[in-house]
1. For segment 27-78, name all the residues that are part of a helix (DSSP H, G or I), in contact with a strand residue (DSSP E or B) (Cβ under 7 Å, 6 or more places away or on another chain) and among the β-branched types (Val, Ile, Thr).
2. Test each condition in (1) over 22 Å from Ala70 (Cα atoms); (2) open to solvent by less than 70 Å² (accessible area, probe 1.4 Å); (3) under 12 Å from the mean Cα position of the chain (by Cα) for Gly12 and report the one that comes out false.
3. Within segment 84-95, how many residues are open to solvent by 50 Å² or more (accessible area, probe 1.4 Å) and assigned to a loop (DSSP other than H, G, I, E, B)?
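The values are calculated or read from the model by the stated rules, or taken from the named source; none is laboratory data. Remember, it's a predicted structure, so these values are computed and weren't measured experimentally. Cβ coordinates were reconstructed from backbone atoms using ideal geometry, including for glycine residues, and neighbour counts include every protein chain displayed. The accessibility values were calculated without ligands, DNA or RNA, using every heavy atom of the protein model including side chains. Shrake-Rupley method; radii C 1.70, N 1.55, O 1.52, S 1.80 Å.
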Amino acid sequence: MVVKHAGVHPKGTLQFIDVIESVKKGPDFNKVGALASFIGVVRGETEKGEAVRRLQLEAYEEQAGQILEAICRDLKSEKGIVDVQIHHFTGDFELGEDLV
């Protein structure tokens, strides 16, 4: 599977292991000393204490993809950063479910 550095994906179409493998296959992986990731989780209440039953994520795909790519480019310009990937998922997510 070819994984782009950023994009919008329907739930279930991209697995976390695919993202990790794409980084490991990158041309500059020999410069990598650590991999860091952030995985969102659907929480059961809002900051105001209101109950959450599920989360529905949407995106204006074309614009979101462009913005995510720009963020990746900016971050990759920082010294010591070898690769950056940002993936936004869409669909219905249940409580406690990973957003990857």
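1. Selection gives Ile71 alone.
2. Here Gly12 meets the rest and fails (3).
3. Here the count works out to 1.
For (1) surrounded by 13 or more Cβ atoms within 10 Å (Cβ to Cβ); (2) without any contact (Cβ under 8 Å) to a residue 24 or more places away in the chain; (3) closer than 15 Å to Leu99 by Cα, each residue gets a yes or a no:
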| position | (1), (2), (3) |
| --- | --- |
| Ile17 | no, yes, yes |
| Val23 | yes, no, no |
| Gly26 | yes, no, no |
| Ala34 | no, yes, no |
| Arg43 | no, no, yes |
| Gly49 | no, yes, no |
| Ala64 | yes, no, no |
| Val82 | yes, no, no |
